[in-house]
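Working notes for the structure below.
Laboratory data are not the source of any read-out in this text; all were calculated from the coordinates shown. These figures come from a predicted structure and were not determined experimentally. In this analysis, Cβ positions are derived from the backbone assuming ideal geometry, glycine residues included, and neighbour counts consider all displayed protein chains.
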Amino acid sequence: MVGPVVCGVDFSEDSKRALQWASLMSRQLKQPLVAVHAIEPLLVSAADLEYGADALRSTLLAELKTFVARTLGKSRRVRSEIGTGAPGGVIRGTAMASGASLIVLGTQGLGHVGRIWFGSATTRVLRESTLPVLAVPPGAASRSGTRLRVARIIVGTDFGSAASAAIDTAKELSHIFRVKVTLLHAVPAIPAPTGWRGAVAQAVEAALGDARAQMAATAPARWDSDVRSGNPARVLVEAAAGHDALIVVGLGGSQPGQLPGTTAYRVLCEADAPVLAVPAR
């Protein structure tokens, strides 16, 4: 992964967590860190009329630099940028213009309830980006008195092209962080009327056997691997819980405009660990 790490910042606690993870990733990758904030075009126009051209931009750039320094320390070198437009478009545009290798975003945002910001800016970035996107939920904050760390990487696979890209990325990160990787596949449970439960159980068992054979042929050497029965998203979320883990998933679509796959979306919504979403190549 070669190129700057770009982090979206809206001055919220959520973007502070994202910035901390972006700093960790940029250090590990040995790449520059870029913090970017987006302002609404109408607000820019109104401020220009009232206070003069670029007054708002200059003020917010100073505030962004202060926010970054307070979050990461004054000695941390970070390039700060202000863009005009919708947050998702500004973040993606900054990443493309800088030749970024990774985009980092929080899953919530300033003034929003729950994970609504995830449903807007982050979803747009996930839909349109050809770069890996690290989504940082509230649960990914550093514990009191400890530093952020990645102790294990959990990768979900459905044996498709998006999963293949996720595996390649996890392989690179495992060498960078020097941690073990667990490759997981889940065979969904199938609800059935009482009279059909025996047949369904046999079908699930056969699917588990096929998946184990595929897993044996897919998992890189020295990786842990497991095939389980259950909801794929829940299996990944539970495997990462409490282990200082980084979850890596493939995005469902390889073309711009496609939504993340159902499993990837649910993992992004439910996980307390940071989730790296990797688009299919």
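Points worth noting:
- If the chain linking Gln28 and Ser164 were pulled fully straight, counting 0.36 nm for each residue of separation and taking away their Cα-Cα distance, it would gain 46.7 nm.
- Computed extension gain for Arg70 through Ala216, at 0.36 nm per residue and net of the alpha carbon distance, reaches 47.8 nm.
- Whichever aspartates and glutamates have a C-alpha closer than 14 Å to that of Lys74, once near sequence neighbours (fewer than 8 apart) are set aside: Glu63
- Linear extension gain, Glu13 paired with Lys180, 0.36 nm per residue minus alpha-carbon span: 57.1 nm
- Cα-based reach from Lys180 at 18 Å (exclusive), listing aspartates and glutamates while leaving out same-chain residues under 8 positions away: Asp168, Glu172, Asp224, Asp226, Glu238, Asp244
- Rounded to the nearest 0.05, the FRET efficiency derived from the C-beta distance between Lys171 and Ser229 at R0 = 30 Å is 0.70.
- All distinct Cα pairs of the stretch 152-278 go into the 1/r average, and the inverse of that average, the Kirkwood radius, is 15.1 Å.
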